[in-house]
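The values are calculated or read from the model by the stated rules, or taken from the named source; none is laboratory data. Please read all numbers here as calculations on a predicted model, not as lab measurements. All Cβ positions, glycine included, derive from the backbone under ideal geometry; neighbour counts span all protein chains shown.
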Amino acid sequence: MGFAWSRGQYGHPFEEKVIPKIYILLPVHNRREITRRIIACLQQQTFQNFHLVLIDDGSTDGTTEMVRERISSLTILQGRGDWWWGGSLHQGYLWLKSQQLDASSIVLMINDDAVFDADYLQTAIAILQGRQRTLLISHAYGEASRKLFDGGIHADWKTLKFRLETNPARINCASTRGLFLYVSDFLNIGGFYPRLLPHYASDYEFTVRAYHKGYTLIADERLKLYSNESATGITHFRNEKSYRDFLKHLFSKKYALHPVYYSSFILLACPWPWKIFHLMIFWTSTLWKMIKYFVFLVILKNR
């Protein structure tokens, strides 16, 4: 039996009698065969009252056509390849904001490489039901290792370290790798900052902002998905042969510690008085890295 909802103090759904609709924000870019697997999972869901918002950031490999053949309740937002992750989710936010959606509507933000069981959506509804001002986090397991690698996160602002957290009371951060919340909550929290945080840390900033606004972040072990746990971006430098190549990697949007974007994250998410402290530490480390690599290349050239 489904549940219906009415608005409460914050414009949130309360129990009554309607089946909620889930709006799925799925950013994709030229990964048709990977995307095909999550689409197959959606086709097999026991809960089918969902609408897929495919945010295609300039795919040229037929991803959109493949999805259109398989999903009937579908909206396609077409980009040109410059949205990245934060920009893609912000486009989804703007689309939801432009619609007149029921108070019971739920949004799911998820990666295209996720796979999950047939009761995934139904489980999320059961957990989220009746919970006001809540972000529901999926447990993400490595598809090969079956080990938990993503879920509720504790951000330690003193050390600027982010670790998986098993104590529910300490969860204050999360990725958008399978994140559920009511659309009304999404609109209240606000969208993303695609210019300041186009890719890495855009989801952490969003969930930290929600936490600072008084939202509860919960991770439930019943809600699980499987994904590729290997990092897809640049986390360290290879043996670049020129300083120009080094700088190109340092300022690549695929580099997790991009100097400008990571500084933006610190300014947006980090509470006082840690902002200035971590900016000083980060830029000292970055400048030292730049000097050290320059010296390394000079020595290498003179050998």
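When Glu69 is tested against the conditions (1) outside any loop (DSSP other than H, G, I, E, B); (2) within 25 Å of Leu136 (Cβ to Cβ), the lone failure is (2).
For Ile137, work out the one condition from (1) of a type in the set (Val, Ile, Thr); (2) under 21 Å from Ala269 (Cβ atoms); (3) assigned to a helix (DSSP H, G or I) it doesn't fulfil. For Ile137, the exception is condition (3).
For segment 122-129, the criterion of being without any contact (Cβ under 8 Å) to a residue 40 or more places away in the chain and in contact with a strand residue (DSSP E or B) (Cβ under 7 Å, 6 or more places away or on another chain) is met by no residue.
Looking across segment 218-266, the residues that are loosely packed, with under 14 Cβ neighbours inside 10 Å, modelled with pLDDT of 90 or more and within 26 Å of Arg170 (Cα to Cα) come down to Glu221, Arg222. Checked against (1) over 30 Å from Arg195 (Cβ atoms); (2) surrounded by 15 or more Cβ atoms within 10 Å (Cβ to Cβ); (3) modelled with pLDDT of 95 or more, Leu136 passes all but a single condition, namely (1). Taking first residues from segment 183-194 that are on the phi > 0 side of the Ramachandran plot and at pLDDT 95 or above and partners that are surrounded by fewer than 19 Cβ atoms within 10 Å (Cβ to Cβ) and assigned to a helix (DSSP H, G or I), the Cβ contacts under 8 Å between residues at least 6 apart in sequence or on separate chains come to Gly190/Arg209.
For every residue, the table says whether it meets (1) touching a residue at least 12 places away in the same chain (Cβ under 8 Å); (2) out of contact with any strand residue (DSSP E or B) (no Cβ under 7 Å at 6 or more places or on another chain); (3) not assigned by TED's automatic domain parsing to the domain that holds Thr123.
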{"residue": "Leu52", "(1), (2), (3)": "yes, no, no"}
{"residue": "Gly62", "(1), (2), (3)": "yes, yes, no"}
{"residue": "Glu69", "(1), (2), (3)": "no, yes, no"}
{"residue": "Lys97", "(1), (2), (3)": "yes, yes, no"}
